[in-house]
Amino acid sequence: MSEVITGAGGRALSPKGVETRQRLVDAAERVFGDLGYYDASIVKITEAAGVGQGTFYLYFQSKHEIFDELVRDLNRRIRHAMTESASKGTTRLEQELLGFRGYFDFAARHPGLYRIIRQSAFVSPDAFKWHYDRVSERYAAALRDAVDRHELGPIDPEVAAWALMAVGETIGLRWIVWGDGDVPEHVVEELGRIIRAVLEPAG
């Protein structure tokens, strides 16, 4: 059953309404990413979306509400990008590195990602925690399944998930945010070596 997308007040949206709502979220990504939460405004978001200010309130009640929805939207798209990329691998170890490639590609296409997620720690701590919990729970479950199939060594899936998430995120910070906007191939290859050292079965 598909998710029912609602506007302000909980009313179900028409396909056109869903499209307008997403246009506002996409505009919010650009505005929050460029200006930060505190300098962003509903006026700037509606201008970036090409809609009237009154239209905003048909879908969201406040700047804080659309910020929370943006964090959830980015989370869904990150997980989708990683899953889609990982699906091209034939073994779990291949899927691991491909999943990180998917994350790096997504982060490179969304330059405001790091700023938005980091600001959520102060602006909306519940959304910040939800973001990392959501990613880690799915990741740990996939690792646990791979351990049960004897594709990986005897790891603690939750610890491994959080540790590798931290490695991937900080690599993106170093080379995408503070570097040239992309992760060099030699860095990806070194990440692959680290992943194998952590996850590969002994022998």
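The values are calculated or read from the model by the stated rules, or taken from the named source; none is laboratory data. Just so it is clear, the model here is predicted, and its values are computed rather than measured. Don't worry about glycine lacking a Cβ; one is built from the backbone with ideal geometry, like all the others, and counts go over all protein chains shown.
Would you point out the residue of the range 1-29, among those that are buried (at least 16 other Cβ atoms within 10 Å of the Cβ) and among the small types (G, A, S), that is nearest to F67 (Cα to Cα)? If we take residues in the range 1-29 being buried (at least 16 other Cβ atoms within 10 Å of the Cβ) and among the small types (G, A, S), then A28 is nearest to F67 (Cα to Cα). Would you check if H186 is in the same structural domain as F104 (by TED's automatic domain parsing), more than 27 Å from I116 (Cα to Cα), at pLDDT 95 or above and out of contact with any Leu (no Cβ under 6 Å at 6 or more places or on another chain)? It is true that H186 is in the same structural domain as F104 (by TED's automatic domain parsing), more than 27 Å from I116 (Cα to Cα), at pLDDT 95 or above and out of contact with any Leu (no Cβ under 6 Å at 6 or more places or on another chain). Name the pairs whose Cβ atoms lie under 9 Å apart, with the first residue in the range 94-105 and farther than 14 Å from P184 by Cβ, the second part of a helix (DSSP H, G or I) and among the polar types (S, T, N, Q), and 6 or more positions between them or separate chains? Note: pairs meeting the criteria are Q95/S85; L98/S85; G99/T83; G99/S85; G102/T83; G102/S85; Y103/S85.
Yes/no matrix, rows are residues, columns are (1) hydrophobic (A, V, I, L, M, F, W, C); (2) in contact (Cβ under 8 Å) with a residue 24 or more places away in the chain; (3) in the same structural domain as L98 (by TED's automatic domain parsing):
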residue: A141; (1), (2), (3): yes, no, yes
residue: D145; (1), (2), (3): no, no, yes
residue: E151; (1), (2), (3): no, yes, yes
residue: P157; (1), (2), (3): no, no, yes
residue: A161; (1), (2), (3): yes, yes, yes
residue: M165; (1), (2), (3): yes, yes, yes
residue: T170; (1), (2), (3): no, no, yes
residue: V177; (1), (2), (3): yes, yes, yes
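Got at least one residue in the range 157-168 being more than 15 Å from Q95 (Cβ to Cβ) and either modelled with pLDDT under 95 or among the hydroxyl-bearing types (S, T, Y) (or both)? Taking every residue of the range 157-168 in turn, none turns out to be more than 15 Å from Q95 (Cβ to Cβ) and either modelled with pLDDT under 95 or among the hydroxyl-bearing types (S, T, Y) (or both).
Residue-by-condition table, conditions (1) in a loop (DSSP other than H, G, I, E, B); (2) not hydroxyl-bearing (S, T, Y):
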site	(1), (2)
S136	no, no
L143	no, yes
I155	yes, yes
A163	no, yes
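Suppose we filter the range 183-199 for residues that are in a loop (DSSP other than H, G, I, E, B) and surrounded by 15 or more Cβ atoms within 10 Å (Cβ to Cβ); how many remain? Break it down into steps so the answer makes sense when it comes.
Kept after step one, since they are in a loop (DSSP other than H, G, I, E, B), are these residues of the range 183-199: 183-184.
Applying the additional criterion that residues be surrounded by 15 or more Cβ atoms within 10 Å (Cβ to Cβ) yields 183.
Residues that pass the stated criteria total 1.
Restricting Q53, Q95 to those that are polar (S, T, N, Q), in contact with a helix residue (DSSP H, G or I) (Cβ under 6 Å, 6 or more places away or on another chain) and not assigned by TED's automatic domain parsing to the domain that holds L152 reduces the list to Q53. Checking the stated criteria, R115 turns out to be in contact with a Phe, Trp or Tyr (Cβ under 8 Å, 6 or more places away or on another chain), surrounded by 16 or more Cβ atoms within 10 Å (Cβ to Cβ) and of a type outside the set (V, I, T). For S120, the requirement of being under 21 Å from D34 (Cβ atoms) and either acidic (D, E) or not in a loop (DSSP other than H, G, I, E, B) (or both) is met.
For the range 125-160, what are the residues that are of a type in the set (S, T, Y) and under 16 Å from D73 (Cα atoms)? Once the filter is applied, which keeps residues that are of a type in the set (S, T, Y) and under 16 Å from D73 (Cα atoms), the range 125-160 yields only Y132.
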